[in-house]
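Notes to accompany the following structure.
Only the coordinates and a few stated rules stand behind these numbers; no lab work does. These numbers come from a predicted model, not from an experiment. A quick note on method: Cβ atoms are made from the backbone with ideal geometry, for glycine too, and the neighbour counts reach across all protein chains shown.
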Amino acid sequence: MPALLAAVVIVFGVTCATPAFAQVPPRFYWKTLSGANAVPLIYMPMNGNANPFDPAYTVAPGGRVEATVAPVGYARTFVLFDRAAMAAVLVPMGRISGDVTFFGLTFSEQTSGFGDPLAEFDINVLGKKPIKNLPDLLRYEPGFSLDLLVDVAFPIGEYDNEQPLNLGQNRWYGRVAAPIVWQIGPWVPGRRTTLEFLPSLWLFGANDDFVGHSLETDPMFQLEGHLTRDLAKDLWASLDATWVEGGKASIDDVEGEKLSNIGMGYTLGYHINDNIQTTFGYMSTVNDSDPEDLRLDGFRVSVVFGWHPLIEGIKRLEGGE
């Protein structure tokens, strides 16, 4: 029995929020034993005509941007008002380079360092009761669950007001979202199937020093969708899609085009052992033929180390027998 319990209590893909077309990985909002901890390491090389560190994705028509986004974070699950909850923090870092044109001027730059740290809070509002103990864990099936999610980014990342491409964005931003997980069929390892949605509303403050100009962005609606399926006991796959609408940027009150983009991709996930899960995914915009269209594509590799004091104690007892 202890070996079985240790095998099933994995922090399922906890990786904190990432920009829209980088996507939150599938199975992120599955529930696990309260009091669990996770440390994610993520590697995302991306290319396109917008800054991947900025979830507003201000398009530079004809631009060429290459970036490596490498966030690290920490997440913890707990019980709040008798509902499952999670708090997480993400610190993005990496590098960005490219050639972009704004205000009739072409900027060529390369920079690296830290972006804006992001805090996330998630609480379940519709679904099963929180998993407080091992019997709850063994009986758990998600059924249909709905959460309330809030993300806030703090504008303290590295920023150069003489360049348009930066790791920090010099403004507050965040989102309100409602993660949905819908179980389809039996909840048996090797046969689990879910349909997952993440509708979000992104909100952006003003950047009053965007290369000497004022940058404002309208609210942006984002919808992520995932159809996930176990391929084996420890291996799963997902078909992924993202739609963003809105987010029109205005520079010195001169309005640009709003975003209206669709991205498609896939994810593979593998549980290496009781504590470590890895995922590999790819996402690309598909309606990006015009120069003014958002164009982004990139890979995502994540390794998540998760643990729970109760389960680690059981494993130590097992090792002593």
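Kirkwood radius, segment 92-209, all distinct C-alpha pairs, inverse of mean reciprocal distance: 17.8 Å.
Volume per residue for segment 264-313 equals 76 cubic angstrom (convex hull of Cα atoms). Build a GNM of the chain with springs between Cα atoms under 10 Å apart, and of LEU239, LEU105, LEU41 the one that fluctuates most is LEU105. Could you state the angle between the C-alpha long axis of helix 309-320 and the longest principal axis of the C-alpha atoms of the chain, as a value from 0 to 90 degrees rounded to the nearest 10? Computed tilt is about 50 degrees. Each of GLU257, GLU120, GLU162 was scored by other Cβ atoms within 10 Å of its Cβ. Arranged with the fewest first, they read GLU162, GLU257, GLU120. Comparing mean-square fluctuations of PRO52, PRO186, PRO199 from a GNM of the chain with C-alpha springs under 10 Å, the top value falls on PRO186. Coupling constants for segment 208-213 follow from the phi torsions by the Karplus curve (6.51 cos²θ - 1.76 cosθ + 1.60, θ = phi - 60°), and in residue order they are 7, 9, 8, 6, x, 10 Hz; glycine and proline get x.
With Kirkwood's inverse mean 1/r over C-alpha pairs for Rh, give me the Rg to Rh ratio of segment 166-309, two decimals please.
Computed over Cα atoms, the ratio is 1.06.
When the chain is treated as a Gaussian network with alpha carbon springs shorter than 10 Å, the biggest mean-square fluctuation among PRO179, PRO164, PRO142 belongs to PRO142. Taken about its Cα centre, the chain carries a charge dipole of about 1780 debye when Lys and Arg each add +1 at the Cβ and Asp and Glu each add -1 at the Cβ.
Take the Kirkwood radius over Cα pairs of segment 29-161, plug it into Stokes-Einstein at 20 °C and 1.002 mPa s, and you get 124 µm²/s for translational diffusion.
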